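To start, the structure under review is shown below, and the notes come after it.
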Amino acid sequence: MTDPAPSAPQGDLRALPDPSDARAITEAILFEVRRVIVGQDAMLERILVGLLSGGHILLEGVPGLAKTLTIRTLADVLGGTFKRVQFTPDLMPSDLVGTRIYRPGEASFDTELGPVFANFLLADEINRAPAKVQSALLEVMQEYHVTIGHTTYPVPTPFIVLATENPIEAEGTYPLPEAQLDRFMLKILLDYPDASEEAQIVARSLRKGLPPREILDAEGLRALQARVDDVFVDPRIISYAVALVEATRRLTYWGAPDLEPYVAYGASPRGSINLVHGARALAVLRGRRYVLPSDVVELAPDVLRHRLVMSYSALTDGITPDSVVSRVLGLVKAPQLDMTAEPTA
């Protein structure tokens, strides 16, 4: 006799979605998160794009916009292990990755692994940590392993860093180095909720609701990430993504000589890679098995804004990375695809 299928929590009689239906799963994930988080729909969708692509995510917004709560709720819905590290100026690399501890009774060293050994690592206020800590985090973000002593320890899979930073506070902060910023797939900017959303937030704070259900475990998330690999990408879309990134480096060539003095360095090839990978994940969220040029257009600001190194004159004249990306999107023509030739099932 087989064991019965797991039931939903008491008071919640909705059935879990079919694991083979990627769109139904992502919609169920968003539904559960929205039971806790009001508004911020664009942020939630972008975070799911990063999760499905296996990319690290940087959230920037003023305090009180539910950045930490969103990430913690997503970890509850997606299962897996979750660790949170509050970054401070006195944080040490060993506080993050772990260290070797001497045991006098056994006359030997033991290794204590740090909080990076989790499926979801929340790096809260990441720009408050000094350079040594940033370097330690950079290794694990890029290499997916940690070296302690003479031994290398792989982090669990999936492994995703979700970091937050406060843009209005400069005292006691360390600007993230460009090499580390480039490791984040997306940089998502958060804004204040509108009046109706804020009223819902206040109303929800007056009562305690049911906790969100776990829709997937770590194994299920890996399977969902594998579905992204099956999404078809037309070569013309790859060329379009590369052209967008190249345009940030050669603004005069692409017809924006007035912006040339404002961009010291354009986006790296990771920009092109992440545009295409993110577009595939967005196609899965939209229930498609092929990428459209509009997917690339939608993700371009989040993928490219933190990869542009702006000059001092840009700061003086109020030219932002987003304004440069917007201009580039208007200069580089998107390909016209014959959808009858694309796979639809």
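Of Ala66, Pro89, Leu30, whose Cα points farthest to the positive end of the dipole of segment 25-102 (charges on the beta-carbon: +1 Lys, Arg; -1 Asp, Glu; origin at the Cα centre)?
Pro89
Heavy-atom accessible area of Tyr253 with all protein chains present, probe 1.4 Å, nearest 10 Å²?
Tyr253 exposes around 150 Å² with every protein chain in place.
Could you compute the FRET efficiency for Phe232 and Arg183, with r as their C-beta to C-beta distance and R0 at 35 Å, rounded to 0.05? The partial results should precede the final answer.
On the way: r = 27 Å, r/R0 = 0.78.
Efficiency computed from Cβ-Cβ geometry: 0.80.
Once you place label points 7 Å from the Cα toward the Cβ at Met310 and Thr151, how far apart are they in nm?
Placing both labels 7 Å beyond Cα along the Cβ direction yields 4.7 nm.
How high is the relative contact order of segment 231-345, in percent, counting Cα pairs under 8 Å that sit 6 or more residues apart?
35 percent
Can you list residues from other chains, or at least 5 along the same chain, whose modelled amide H is less than 5 Å from the amide H of Val146?
Hits under the 5 Å cutoff: Tyr153, Val155.
Relative to the Cα centre, what is the charge dipole magnitude of the chain, using +1 at the beta carbon of each Lys and Arg, -1 at the beta carbon of each Asp and Glu, and rounding to the nearest 20 debye?
220 debye
Excluding residues fewer than 8 places away in the same chain, name every one of the lysines whose C-alpha is closer than 19 Å to that of Lys187.
Answer for Lys187, where 19 Å is the Cα cut-off: Lys67, listed by chain and number.
Between Glu27 and Ser326, what is the FRET efficiency for a Förster distance of 25 Å, r being their Cβ-Cβ separation, to the nearest 0.05?
The value I calculate is 0.25.
Given an 8 Å cut-off on Cα distances and at least 6 residues of separation, report the relative contact order of segment 27-145 as a percent.
Computed over segment 27-145, the figure is 25 percent.
Between Pro293, Phe120, Gly98, whose Cα lies farthest towards the positive end of the dipole of the chain when Lys and Arg beta carbons carry +1 and Asp and Glu beta carbons carry -1, centred on the Cα centre?
Pro293
Rounded to the nearest 5, what % of the DSSP beta bridges within the chain are antiparallel ones?
Bridges in the chain that DSSP calls antiparallel: roughly 40 percent.
Multiply the residue separation of Asp191 and Glu143 by 0.36 nm, subtract the distance between their alpha-carbon atoms, and state the gained length in nm to one decimal.
14.0 nm
Taking only C-alpha pairs under 8 Å that are 6+ residues apart, what is the relative contact order of the chain in percent?
Value for the chain: 20 percent.
Segment 163-247: D in µm²/s via Stokes-Einstein (Kirkwood Rh, Cα pairs, 10 °C, 1.306 mPa s)?
85 µm²/s
Calculate, in nm to one decimal, what Arg207 and Leu69 gain on full extension: separation in residues at 0.36 nm each, minus their alpha carbon distance. Don't skip to the end; give the middle numbers.
On the way: separation 138, 0.36 × 138 = 49.68 nm, distance 1.66 nm.
That pair, Arg207 and Leu69, stretches by 48.0 nm at full extension.
Hey, any idea what Rg/Rh is for segment 57-107, computing Rh the Kirkwood way over Cα pairs?
1.15
Between Val62 and Thr81, what is the spin-label point distance in nm, taking each point 7 Å from the Cα along the Cα→C-beta axis?
3.8 nm
Mind giving me the nanometre distance, one decimal, between the label points for Asp258 and Leu113, set 7 Å out from Cα along Cα→Cβ?
About 5.5 nm separates the two model spin labels.
Just the accessible area per residue of the chain, please: how many Å² with a 1.4 Å probe?
That works out to 50 Å² per residue.
Give the long-range amide H neighbours of Tyr174: residues separated by 5 or more places, or on another chain, with amide H under 5 Å away, using H modelled in the peptide plane at 1.01 Å from N.
Close amide H contacts, sequence-distant or interchain: Arg128, Ala129.
Counting every Cα pair in the chain, what percent are over 33 Å apart?
34 percent
Determine the gain in length on full extension of the stretch Glu106-Arg289; use 0.36 nm per residue of separation and subtract their C-alpha separation, reporting nm with one decimal.
Going from the current span to full extension adds 60.2 nm.
Name the residue, out of Ser272, Ser94, Ser108, whose mean-square fluctuation peaks in a Gaussian network model built on the chain with Cα pairs under 10 Å.
Of Ser272, Ser94, Ser108, the Gaussian network model singles out Ser108 as fluctuating most.
On a 1.4 Å probe surface of the protein chains, which of Lys83, Lys333 comes out largest in accessible area, and what is the full order?
On the way: Lys83 85, Lys333 165 Å².
These residues rank, largest area first, as Lys333, Lys83.
Run the accessible area of segment 73-219 with a 1.4 Å probe and give the carbon-and-sulfur part as a rounded percent.
Working: 4140 of 7740 Å².
That share works out to 53 percent.
The values are calculated or read from the model by the stated rules, or taken from the named source; none is laboratory data. Because the structure is predicted, anything quoted here is derived from the model rather than measured. Cβ sites come from the backbone with ideal geometry, for glycine too, and all protein chains shown count toward neighbours. These area figures cover heavy atoms from the full protein model, side chains too; ligands, DNA and RNA do not enter into them. Shrake-Rupley method; radii C 1.70, N 1.55, O 1.52, S 1.80 Å.
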